[in-house]
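The values are calculated or read from the model by the stated rules, or taken from the named source; none is laboratory data. If you're wondering where the values come from, they're calculated on a predicted model, not measured in any experiment. Positions of Cβ are backbone-derived with ideal geometry, glycine not excepted, and every protein chain shown enters the neighbour counts. The area values use the complete protein model at the heavy-atom level, side chains included, leaving out ligands, DNA and RNA. Shrake-Rupley method; radii C 1.70, N 1.55, O 1.52, S 1.80 Å.
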Amino acid sequence: METLTIGSHISSAKGYEAMGKTAVYMNANTFAFFTRNPRGGKAKEIKEADVEKYKEIAKVHQFGKIVAHAPYTLNACAAREDLREFARNTMEDDLKRMEYIPGNYYNFHPGSHVGQGAQTGIEKIAQVLNEVLDRKWNTMVLLETMAGKGTEVGRTFEELREIMDRVKCQEKLGVCLDTCHVWDGGYDIVGDLDGVVQEFDRVIGLEHLKAIHLNDSKNPLGSHKDRHAKIGEGEIGLEALSAVTRHPALRNLPFILETPNDEDGWAQEIRILRERFV
Ligand code: FE
Ligand code: FE
Ligand code: ZN
C-alpha cells in the first residue's frame with residue numbers, strides 16, 4: 001500500500017532523538033527542523049549518540065527524507081557584503097552538520113533583493129550557491145518558492161529557473177514548493193492544480209521538485225502576503241490541499257506542515273490528510 005510521507009516542522013531544541021519521537025507521536029514519517037535558531041546565530045553541538053538513536057527511530061518507522069530549514073535571516077542576495085558572508089558561512093556550516101544525517105534535504109529562502117532588483121538578486125544568490133554547493137555534500141539544497149512579499153526573489157517559477165541556470169553543481173540543487181507561497185504568488189492551485197503543475201514542469205522541470213510545504217493561506221490568490229493558516233481554515237482549503245497530496249506528480253514527495261499549530265493540531269492534520277490519501 002502506498003503511504004503518504006507527511007510531517008510537520010518540529011523544534012530541534014531537544015536534539016534528534018526527541019524530534020524522531022515527536023514525529024512518531026504525531027504519526028508522521030518525515031519532518032522539518034531549523035538547523036539553528038531561525039534568526040541565525042551559532043548552532044548547537046551535535047551529539048553522535050543522539051543522532052544514532054534518531055536513525056534507529058527513522059529506520060523502524062520507515063521515515064522518508066527529512067527537510068531541514070535554513071534560518072530566515074539568511075539572505076544570499078543582501079546588499080551588504082557582511083550579510084552575504086553570513087549566508088555563505090551559515091549554509092556551509094549547516095551542510096557540514098547535515099553530514100550526520102546524509103541523504104536528506106536542506107531548504108532555504110532564496111533571499112530578498114532589498115531594492116537592488118530581481119536580476120541582481122538572482123545573480124547574487126547563484127554566486128553564493130556556486131561557492132557553497134559541492135559534490136562532496138550528501139545533502140540536496142532546495143530553493144523555496146516564495147510569496148513575493150516585499151522584495152523576495154523566487155516569487156515566480158521563472159526566477160527560480162534563472163537561479164538554477166546559473167548554478168554549476170546542479171545535482172545538489174532542487175526546489176521545495178510551498179502551497180501558501182505559490183497561492184499568494186498567484187498560482188491557482190485551487191482552480192487549476194494540473195495547470196500549475198504543468199507550468200512548474202515547463203519552467204523548472206518536475207524532476208527538480210523534491211519537497212512540498214503544505215500550508216493553507218490566510219489571504220486570497222495573488223496577495224503576496226505569506227501568512228500561513230491551518231489546513232482547511234484558509235483560502236486554499238482542505239479539498240485543494242488534499243488534492244495536492246494525491247496529485248500523481250506530487251504524491252510521492254515529502255509533505256511538511258508549517259501551519260500555526262501545536263503537536264496535537266499537527267497530529268490531527270496528518271490524520272485527516274492520511275484519511276483522504278487514496
Ligand atoms: Fe520556508
Ligand atoms: Fe515554507
Ligand atoms: Zn511562509
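Worth pointing out:
- Listing of helices (runs of 4 or more DSSP H) fully contained in the range 157-273 that carry 1 or more residues being within 16 Å of ligand 3 (Cβ to nearest atom) and crowded, with 19+ Cβ neighbours inside 10 Å: 157-165, 179-184, 238-246
- Residues (assigned to a helix (DSSP H, G or I) and either open to solvent by 70 Å² or more (accessible area, probe 1.4 Å) or within 15 Å of ligand 1 (Cβ to nearest atom) (or both)) located in the range 69-85: GLU81, ASP82, LEU83, GLU85
- Scan of the range 132-156 for residues that are open to solvent by 20 Å² or more (accessible area, probe 1.4 Å) and part of a loop (DSSP other than H, G, I, E, B), ordered by number: ASP134, ARG135, LYS136, ASN138, LYS149, GLY150, THR151, ARG155, THR156
- Matching residues, the range 20-56, being open to solvent by less than 30 Å² (accessible area, probe 1.4 Å), more than 15 Å from GLU258 (Cβ to Cβ) and aliphatic (A, V, I, L, M): ALA43, ILE46, VAL51
- Single condition ALA87 does not satisfy, out of (1) out of contact with any helix residue (DSSP H, G or I) (no Cβ under 7 Å at 6 or more places or on another chain); (2) more than 30 Å from LEU273 (Cβ to Cβ); (3) at pLDDT 95 or above: (1)
- Close pairs from the range 92-103: first at pLDDT 95 or above and among the hydroxyl-bearing types (Ser, Thr, Tyr), partner open to solvent by less than 60 Å² (accessible area, probe 1.4 Å) and in a loop (DSSP other than H, G, I, E, B), Cβ under 7 Å, at least 6 apart: TYR100/ILE46
- Tabulated pairs, the range 8-34, first farther than 19 Å from ASP178 by Cα, second open to solvent by 10 Å² or more (accessible area, probe 1.4 Å) and among the acidic types (Asp, Glu), C-beta under 7 angstrom, 6+ apart or interchain: GLY15/ASP50; TYR16/ASP50; GLU17/ASP50; THR22/GLU263; TYR25/GLU263; MET26/GLU263
- Annotation note: of ILE125, ILE66, ILE101, the sole residue that is farther than 29 Å from LEU273 by Cα, aliphatic (A, V, I, L, M), touching a helix residue (DSSP H, G or I) at 6+ places or on another chain (Cβ under 9 Å) and open to solvent by less than 20 Å² (accessible area, probe 1.4 Å) is ILE125.
- The set of residues in the range 171-217 that are in contact with a Lys or Arg (Cβ under 6 Å, 6 or more places away or on another chain) and more than 14 Å from ligand 2 (Cβ to nearest atom) comprises GLY174, VAL203, ILE204.
- The single condition among (1) more than 16 Å from ligand 1 (Cβ to nearest atom); (2) aliphatic (A, V, I, L, M); (3) within 16 Å of the chain's Cα centre (by Cα) that ILE212 does not satisfy is (1).
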